[in-house]
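Here's the structure, in structure tokens; my notes come after.
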Amino acid sequence: MRILVTGGVRSGKSRHAEGLLADSGRVTYVAPGRPADGSDPDWDARVAAHRARRAPDWQTVETTNLTAALAAADGPVLVDCLSTWVVALVDDAGLWEAPSADVADLVGAHVDALCDVLAQVPQAVVVTNEVGLGVVPAHRSGVLFRDALGTVNQRVAEVCDEVHLVIAGRVLRL
């Protein structure tokens, strides 16, 4: 079974996703965001909290190459989260000021490959942020991110068996 877990920031998505795989034995935990590096104490604290919650037999893979990480995984996989992956893709390509079509092309190519591999993974939980429920971003980069992640979320949901929306720690299965 493949499940996409979405919701707002600090809604309880990660804790819910981890709970879905708690009894699965060895899990490959793919973290596609930038690693804790001392440059942002708040980010480093979040990374540390996530690491502390993981079961000791879970294998952590920190990479933005989700396709390779999923293809190499042996057993259940947890990806946390697509939001940090999209940021990394756009950062690495230097496209925050590019036309939105360029960002859409970049993200589209990566999500095509991701979905092809994800569809072959028998047990996966993928976490993402739901960005379409809030205010319209004030900055162009926010609009690019919202649009790109919204597309990624829709595409990944298509290859998942279920979508779970987490709000205030409560789960609505869609």
Quiz item: So which residue, out of Asp112, Asp42, Asp74, gets the largest mean-square fluctuation from a GNM of the chain using Cα contacts under 10 Å as springs?
Solution: Asp42
Quiz item: Is segment 101-174 rounded, prolate or oblate when judged by the Cα gyration tensor, a ≥ b ≥ c being the square roots of its eigenvalues, rounded requiring a/c under 1.5 and prolate requiring a/b larger than b/c?
Solution: oblate
Exercise. For Thr60, list long-range residues whose amide hydrogen, built 1.01 Å from N in the peptide plane, is under 5 Å from its own amide hydrogen.
Key: Tyr29
Self-check item: the chain, helix-only ellipticity at 222 nm - DSSP H runs n ≥ 4, -39,500 (n - 2.57), divided by all residues, nearest 500
Solution: -14500 deg cm²/dmol
Exercise. Could you work out how far helix 140-159 tilts from the main Cα principal axis of the chain, as a 0 to 90 degree angle to the nearest 10?
Key: 40 degrees
Exercise. Go through (1) 17.3; (2) 16.3; (3) 17.8 and flag the label whose value is the computed Kirkwood radius over Cα pairs in Å for this structure.
Key: (2)
Exercise. Output the antiparallel fraction of DSSP beta bridges having both residues in the chain, as a percent to the nearest 5.
Key: 15 percent
Exercise. Kindly express, to the nearest 10 degrees and within the range 0 to 90, the angle between helix 41-53's C-alpha long axis and the longest C-alpha principal axis of the chain.
Key: 30 degrees
Exercise. Take the alpha carbon atoms of segment 12-45, find their center, do the same for segment 103-146, and report the distance between the two centers in whole angstrom.
Key: 17 Å
Quiz item: Residue by residue, what Karplus-based ³J(HN,Hα) values in Hz, rounded to whole numbers, does segment 14-28 have, using 6.51, -1.76 and 1.60 with θ = phi - 60° and x for Gly and Pro?
Solution: 5, 4, 4, 4, 4, x, 4, 10, 4, 9, 8, x, 6, 10, 8
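Every number here is computed from the coordinates shown, using simple stated rules; none is lab data. Worth saying up front: this structure is predicted, and the values here are computed from it rather than measured.
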